[in-house]
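Encoded as structure tokens, the structure appears first; notes follow it.
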Amino acid sequence: MIILKKLFITLFFLVCFHGQLIGATERKAAIASAHTLATYAGFEILQQGGNAFDAAVAVSAALAVVEPAGSGLGGGGFWLLHRASDGFETMIDGREKAPLAAHREMYLDKRGEVIKDLSINGALSAGIPGLPAALVHLSEQYGKLSLAQSLQPAIRYAQQGFVIGERHRKLLKFRLPVLMNNPQAASIFLDNNKVPNEKSVLQQTDLANTLKQLAQYGINGFYTGDVANKLINSVRKAGGIWTLQDLENYQIVERDPVIGEYNGIKITSAAPPSSGGIVLIEALNILSGYNLSKLDEITRKHIISEAMRRAYHDRAFYLGDSDFVDVPIYRLINQDYAAGLRTSIRLDKATPSDSLAGDVEQKSRGRNTTHFSIMDKEGNRVAATLSVNFPFGSAFVAEGTGVLLNDEMDDFVSKSGVMNGYGLVGGAANAIESGKRMLSSMTPTFIEDETRVAVLGTPGGSRIISMVLLAVLDFAEGEGPDYWLWTPRFHHQYIPDMIQYEEGGMTDEEILGLSRLGHKLKETLYRYGNMQAIQFNKKSKQLTVASDPRGEGLALVR
Ligand code: GLY
């Protein structure tokens, strides 16, 4: 009787919960992006039979419309891809390039001094955009759907308009005087030269038409023909130096990602012209010599800051566009090199930055740029960080195109030893040259161990790399995306020689302890970053997602 009862119960559970059990093990898709509509655009395309790469086209294009402060057709970015069928991984480098007529002195006056804001505002500050070419390539080489299909949600958002959010309004305020200088930008983004009211609807008819040209003619819809002519006429009329040849010549490059390993975790991240992967892996290599979880919190933060200091120091000296300068990638991410750096770290004392060889400074902040992460049901993955540099880029819209141009030229070194708009200077490796890509900090990243794989990245200027570093360390401690995103952050970037931390990022005791070791500390004026993260548990098949609480994004599993 008892045996029969047990059998009955077993059958009951098998029949009643069969669907749920399948549901629990069936793979789903996940998207995390900085805007609700961009996340929806990605799912719309997945539902139409697209894969993660089609969804990445849809999300990138949607962000260009609904988050113009962060990225756009007039900008560029890096798309890190993982193809599930064969494990192939690549990075699509759609970074902007210096125009052919660009040269080292282009932002200097007759006395050789940097002309304030020339590399930040207006047509002369814009590099040749890479985002449209990258979307065409992503769709044609890796997607299942047509480019036109994947661009549809973005075209609809541009045509029908969308309600602007608080973040959009804040960033408009930040760039208001510059936006007012450009009648095209002002007519699209402002309301009688003022920041539009809450709940205003932003419609972008010209941008919708440019997206349609891209959808219909692919690469030629942007880089030649009507749109290209409008871009060139407008840029040159405003003192820019672009030519049709610049646009016709633009090509994306597929690059091998930079790969590293930290305590059994595989790190796959951005290659030059981004500094992200190298700085991240160099810092992790230094940290791999310590048992961080066994250290008290003051020593732990001290050691992490010292690793950041050394990796950011090397960023300033060695990194630039590897098509132009010899970047010693494999030396910088080598464990022996990290072991050498580790010997210079003292547990009882901070290392003054000016005692490290050289004298260059680093970008200090950034509310610009955007990141999204995607994983589809097949396990294809995309980590993409895209940018127009400053919020709303150069604040210059090319007439009749709706395309807001980047001011990514400011990521070059205008003059050795002189800070750029964000307080950054660098070395000769990142000097302006015709056709060269400017150094970036964007760090789209995959992290993977035996049981978990994660896709992540964030905007935030030079702090991008330290944010991803802290997330990797939290992953290594077994924490999930919510923890990485909610934990207050801290950052050291060699120069300025100080630990910057978010409100709540340091206890009084830690501030005192780190000061005693010789660190200068400063609380940031605002909380920074807008990380978008996905984690997949290989055993339970569970997807965990998070969108940064500092932003207005949406992370969803479906
Ligand atoms: N413009 C931001 C970056 O590329 O780092």
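The values are calculated or read from the model by the stated rules, or taken from the named source; none is laboratory data. All figures in this text were calculated on a predicted structure; none of them were measured in a lab. Note: ideal-geometry Cβ built from the backbone for every residue, glycine included; neighbour counts use all protein chains shown.
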Report, by residue number, each residue of segment 485-499 that is away from the ligand (no atom under 16 Å from the Cβ), touching a strand residue (DSSP E or B) at 6+ places or on another chain (Cβ under 9 Å) and closer than 16 Å to ARG300 by Cβ.
PRO488, ARG489, PHE490, HIS492, ILE499
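Give, as residue ranges, the helices (runs of 4 or more DSSP H) completely inside segment 277-352 that count at least 2 residues that are touching a residue at least 60 places away in the same chain (Cβ under 8 Å), in contact with a helix residue (DSSP H, G or I) (Cβ under 7 Å, 6 or more places away or on another chain) and within 23 Å of LEU517 (Cα to Cα). Explain how you work it out, then say what you get.
Details: elements: 297-318, 329-332, 335-342.
Passing ranges, in order: 297-318.
Just to verify a result, which residue in segment 74-106, among those that are aliphatic (A, V, I, L, M) and within 16 Å of the ligand (Cβ to nearest atom), is nearest to LEU439 (Cα to Cα)?
Once the filter is applied, the top-ranked residue is ALA98.
Within segment 254-299, how many residues turn out to be away from the ligand (no atom under 16 Å from the Cβ) and in contact with an Asp or Glu (Cβ under 9 Å, 6 or more places away or on another chain)?
Filtering segment 254-299 for residues away from the ligand (no atom under 16 Å from the Cβ) gives 254, 256-257, 259-268, 281-299.
The next check asks that each one be in contact with an Asp or Glu (Cβ under 9 Å, 6 or more places away or on another chain); those that pass are 254, 256-257, 259-260, 263-268, 281-282, 284-286, 288, 292-293, 297-298.
Counting residues in segment 254-299 that are away from the ligand (no atom under 16 Å from the Cβ) and in contact with an Asp or Glu (Cβ under 9 Å, 6 or more places away or on another chain) gives 21.
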Cβ contacts < 9 Å: first residue of a type in the set (Lys, Arg), restricted to segment 73-90; second residue in a strand (DSSP E or B), any location; separation 6+ or different chain. Result?
ARG83/GLU89; ARG83/THR90; ARG83/ARG381
Can you list residue pairs whose Cβ atoms sit under 9 Å apart, with the first residue in segment 426-438 being within 16 Å of the ligand (Cβ to nearest atom) and the second being modelled with pLDDT of 90 or more and basic (Lys, Arg)? Count only pairs 6 or more apart in sequence or on different chains.
GLY426/ARG315; ASN430/LYS436; ILE432/ARG104; LYS436/LYS97; ARG437/ARG95; ARG437/LYS97; MET438/ARG95; MET438/LYS97
So which helices (runs of 4 or more DSSP H) are wholly in segment 140-202 and hold at least 2 residues that are touching a residue at least 40 places away in the same chain (Cβ under 8 Å) and of a type in the set (Gly, Ala, Ser)?
147-160
Name the residues in segment 393-420 that are part of a loop (DSSP other than H, G, I, E, B), more than 13 Å from the ligand (Cβ to nearest atom) and either at pLDDT 95 or above or touching a helix residue (DSSP H, G or I) at 6+ places or on another chain (Cβ under 8 Å) (or both), would you?
ALA395, GLU399, GLY400, THR401, GLY402, SER416
What number of residues within segment 331-362 are more than 13 Å from ALA311 (Cβ to Cβ), at pLDDT below 95 and not hydrophobic (A, V, I, L, M, F, W, C)?
6
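Going by the structure shown, is ILE267 assigned to a strand (DSSP E or B) and either under 21 Å from the mean Cα position of the chain (by Cα) or modelled with pLDDT of 95 or more (or both)? Break it down stepwise before answering.
Values: assigned to a strand (DSSP E or B): yes; either under 21 Å from the mean Cα position of the chain (by Cα) or modelled with pLDDT of 95 or more (or both): yes.
Against the criterion (assigned to a strand (DSSP E or B) and either under 21 Å from the mean Cα position of the chain (by Cα) or modelled with pLDDT of 95 or more (or both)), ILE267 qualifies.
Could you name every one of the strands (runs of 3 or more DSSP E) located completely within segment 28-101 that has at least 1 residues being at pLDDT below 95?
Values: elements: 30-33, 76-82, 89-94.
Fully inside segment 28-101 and qualifying: nothing.
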